[in-house]
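To start, the structure under review is shown below, and the notes come after it.
The values are calculated or read from the model by the stated rules, or taken from the named source; none is laboratory data. In this text, all values refer to a predicted model and were calculated from it rather than measured experimentally. Here the Cβ positions follow ideal geometry from the backbone for every residue, glycine too, while neighbour counts run over all protein chains shown. We work out accessible area using only protein heavy atoms, side chains counted, and drop any ligands, DNA or RNA first. Shrake-Rupley method; radii C 1.70, N 1.55, O 1.52, S 1.80 Å.
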Amino acid sequence: MLSLSLPLVLLTRAAIISAASLPISSRQIQNDSPSTQPTYIACVTDAKISSLTSSVAIAATSRKECSTTCAQHDWEIAYYRQDTSQCFCSPASDYPTSDEVVSAVDELGNCRSEDDASVEYLRSPYTLSKCYLYLTPPSPTTNLTTSSPLSCLDSCNTTSVAVRPELDTASDQFVYECGCYDGVVGVGQVADCGYGAESVYARI
């Protein structure tokens with residue numbers, strides 16, 4: 001359970017309007033843009049919430065309500081913990097690192113109802129298709145490695161994207177490996193989304 005000592009500011013629905021004026025990433029996109037939407041990024045342990053540095057908490061009774069409300073006020077990430085109905089709107093800088101990612105309960109990114117929190121990117125040009133243990137050819141058009149899963153979805157301007165949170169053994173750092181695909185991603189063995197799995201996204 002979260003304690004009241006967490007460095008987060010609880011806001012009412014009316015008060016959150018003032019939170020929209022807080023500085024966030026310069027990559028703000030209009031709320032009514034038809035080419036972006038909230039999309040699953042990861043499931044993380046609820047301990048991640050205590051490490052958020054620039055988030056605000058709002059009232060929400062569902063993951064969808066959490067993401068929709070945060071998006072309406074120009075935030076870029078929404079964290080939602082289902083068992084306690086806790087919603088946190090965050091800037092892009094509060095992305096989950098790959099070592100904070102835990103397994104979902106299925107290949108569609110649904111998180112456990114207890115202990116875990118879902119993370120959604122609110123300005124994504126892609127939507128999650130499924131998660132796979134591995135992918136078969138064809139190979140991606142472009143590969144990149146980054147610390148933020150948002151960078152994967154923002155950097156690829158292709159039909160599909162595959163994002164895999166893992167440890168880069170060469171640098172001994174936790175990263176996201178991204179594959180940008182011009183066309184349909186090769187299928188593979190379907191798996192629960194999470195650390196070490198390939199999250200495959202299709203452009204909206």
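Laid out as a table, the results:
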{"item": "Percent carbon-and-sulfur accessible area, region 138-204, ignoring ligands, DNA and RNA, probe 1.4 Å", "result": "47"}
{"item": "Paramagnetic reach from Thr145 in region 162-204 [backbone N under 12 Å; point 7 Å along Cα→Cβ]", "result": "166-178"}
{"item": "Zone residues, region 138-171, relative to Val184, backbone N less than 18 Å from point 7 Å out along Cα-to-Cβ", "result": "138-141, 158-162"}
{"item": "Cα gyration tensor category, rounded, prolate or oblate, for region 38-92 with a/c compared to 1.5", "result": "rounded"}
{"item": "Solvent-accessible ranking of Asp168, Asp182, largest area first, probe 1.4 Å", "result": "Asp182, Asp168"}
{"item": "Three-way shape label, region 89-163, alpha-carbon gyration tensor, a/c 1.5", "result": "oblate"}
{"item": "Average accessible area per residue (Å²) across region 81-185 - probe 1.4 Å, nucleic acids and ligands excluded", "result": "43"}
{"item": "Cα gyration tensor shape for region 53-204, rounded if a/c is under 1.5, else prolate or oblate", "result": "prolate"}
